[in-house]
Amino acid sequence: MTSKPLNGIRVLDLTSVVVGPACSSRLAQYGAEIIKVESPEGDLMRGLGGISPTGQHSGTYLHLNRGKRNICLNLKAEGSREVMDALVKNADVVIANMRPQALKKLNIDSETILQRYPDKIYCLITGYGSDGPYAGEPTYDSVIQAATGMTGLSLARDGVPRYVPMLICDHVVGEIAAGAIMSALYGRRQTGEGVSLEIPMFETMSAFVLQEHLAQQSFDPPVGPGGDQRLLSPYNKPVQTADGWISFTVNTDSQVRAFLAAVGKAGLIVDKRFATVAGRAAYVHEWFEIRGAPLLQKTTSEWLADFKAADIAAKPCHTLETLPTDPHLQAVGLINHELHPSEGKTAWIRSTVKYNGSYLSAGAPSQPKGWETNALLAELGFDADQINELVTSGAAHVAHGR
């Protein structure tokens with residue numbers, strides 16, 4: 001694509017780990033220029049996301065920081081304040097996920113920046129909303145999963161609380177923050193005014209849980225227990241086959257009839273408990289016990305063929321080893337390979353968004369810490385002597401060998 005919707009938009013990215021980088025990564029795919037400011041200690045995800053050849057780019061870091069220009073600053077050093085002000089002045093959007101107290105101390109909080117530059121869009125991604133008693137407390141994805149009741153859903157279904165084994169809250173909230181920023185950019189086109197955005201992880205993910213699981217408690221008086229009883233059924237899980245596991249869902253009456261016929265339970269088609277959506281809702285526990293029974297008579301591939309013939313939504317349960325080899329993902333080219341400037345041959349994941357028939361570019365490989373420090377300082381108007389002074393004093397850092 002020669003033109004993207006956010007071409008010409010510059011984003012100052014003061015985020016680290018996952019939630020903030022996921023947000024700015026999406027904006028980069030839409031064409032925004034992302035200036036990632038990294039501390040001399042480095043983004044924690046460089047090492048936290050697993051080992052790498054150089055110890056500087058975990059796989060997670062590689063995938064979340066493509067298409068971003070990296071400048072390394074020690075924000076506690078006096079000389080960096082002038083650089084930060086120039087970065088803010090030249091940006092359209094500022095994104096931060098540091099705690100509000102730290103941002104205020106560094107004079108890069110929303111109030112300070114919008115007072116000086118009222119046309120800026122400032123997005124603060126927080127653990128907890130600033131108007132509640134948890135404001136300013138530290139948090140991570142796993143803590144949010146527990147606090148929002150996500151682990152409690154596993155407790156209700158399986159008798160044991162469990163985390164979703166990926167940073168699901170970070171990814172979801174990062175995407176929501178990206179959408180909020182784009183809506184603010186559209187609003188600024190109409191008014192010329194900037195805006196302060198706050199996206200709290202706790203409230204955002206709590207809303208997701210409650211939209212599904214407040215359920216019968218949504219009415220006054222309640223008409224039944226909280227929780228979508230279909231999703232909380234202990235039988236709501238992948239089903240074992242003769243050689244593995246399969247996942248399928250049948251919701252409509254026609255799908256249920258096709259399923260019962262396919263698995264040799266056609267006699268239940270006329271059972272009034274299971275013949276209609278209303279009936280299956282009333283007898284949800286009995287229905288899911290039938291639906292979740294093992295299918296040991298055939299292999300996974302045989303069941304997939306039967307379900308496909310019956311137009312039932314079904315797929316095998318992939319593992320981390322088999323997912324990259326899925327024939328559909330291989331056909332659409334989701335995973336590719338390239339030479340990284342420091343890590344050698346690495347995998348990269350293309351954008352999943354198609355724009356006018358073309359997938360959005362995933363951008364250049366993620367950069368080593370301080371990779372474009374000199375170039376960005378020069379673009380901001382600092383001359384060679386000033387750049388040398390900033391680097392010598394420790395206010396700015398340059399990538400080794402750069």
Taking the range 121-133 and the residues there that are touching a Phe, Trp or Tyr at 6+ places or on another chain (Cβ under 9 Å) and part of a loop (DSSP other than H, G, I, E, B), the one that is surrounded by the most Cβ atoms within 10 Å (Cβ to Cβ) would be 127
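I want to confirm something. Restricting to the range 134-191 and keeping residues that are assigned to a helix (DSSP H, G or I) and of a type in the set (S, T, N, Q), which single residue is surrounded by the most Cβ atoms within 10 Å (Cβ to Cβ)?
145
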Check: Among the residues of the range 185-205, is any of a type in the set (Ser, Thr, Tyr) and in contact with a strand residue (DSSP E or B) (Cβ under 9 Å, 6 or more places away or on another chain)?
Finding: yes
Reported set for the range 31-62 where residues are in contact with a Phe, Trp or Tyr (Cβ under 7 Å, 6 or more places away or on another chain) and within 21 Å of residue 175 (Cβ to Cβ) is 43, 45, 49
Flagged pairs (Cβ under 8 angstrom, 6 or more apart or on separate chains; first in the range 111-124, within 23 Å of residue 201 (Cβ to Cβ) and touching a residue at least 40 places away in the same chain (Cβ under 8 Å); second assigned to a loop (DSSP other than H, G, I, E, B) and basic (Lys, Arg)) are 114/120
**Asked** Out of curiosity, is residue 300 modelled with pLDDT of 95 or more, buried (at least 18 other Cβ atoms within 10 Å of the Cβ) and farther than 30 Å from residue 3 by Cβ?
**Response** yes
With respect to residue 293, is the statement that it is in a helix (DSSP H, G or I) and at pLDDT 95 or above true?
-> no
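So that you can scan it fast, the table gives a plain yes or no per residue for (1) in contact (Cβ under 8 Å) with a residue 40 or more places away in the chain; (2) outside any helix (DSSP H, G or I); (3) closer than 30 Å to residue 322 by Cα:
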| site | (1), (2), (3) |
| --- | --- |
| 193 | yes, yes, no |
| 197 | yes, yes, no |
| 204 | no, no, no |
| 225 | no, yes, no |
| 228 | no, yes, no |
| 240 | yes, yes, yes |
| 254 | no, no, no |
The condition of being surrounded by fewer than 14 Cβ atoms within 10 Å (Cβ to Cβ), more than 28 Å from residue 60 (Cβ to Cβ), more than 23 Å from the chain's Cα centre (by Cα) and in contact (Cβ under 8 Å) with a residue 60 or more places away in the chain holds, among 309, 384, 313, 293, only for 313
Hey, does the range 322-338 have a residue that's loosely packed, with under 15 Cβ neighbours inside 10 Å, outside the structural domain of residue 247 (by TED's automatic domain parsing), of a type in the set (Ser, Thr, Tyr) and part of a loop (DSSP other than H, G, I, E, B)?
-> yes
When you check residue 349 against the structure, is it farther than 29 Å from residue 397 by Cβ and either of a type in the set (A, V, I, L, M, F, W, C) or over 20 Å from the mean Cα position of the chain (by Cα) (or both), yes or no? no
Going through the range 380-398 in order, the residues found to be closer than 12 Å to residue 71 by Cα and either assigned to a helix (DSSP H, G or I) or modelled with pLDDT under 95 (or both) are 391
Filter the range 17-41 for residues that are among the hydroxyl-bearing types (Ser, Thr, Tyr) and surrounded by 24 or more Cβ atoms within 10 Å (Cβ to Cβ); the one that is nearest to residue 128 (Cα to Cα) is 24
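The values are calculated or read from the model by the stated rules, or taken from the named source; none is laboratory data. Given the structure is predicted, the values throughout are model-derived calculations rather than measurements. All Cβ positions, even for glycine, are placed from backbone atoms using ideal geometry, and neighbour counts span all protein chains on display.
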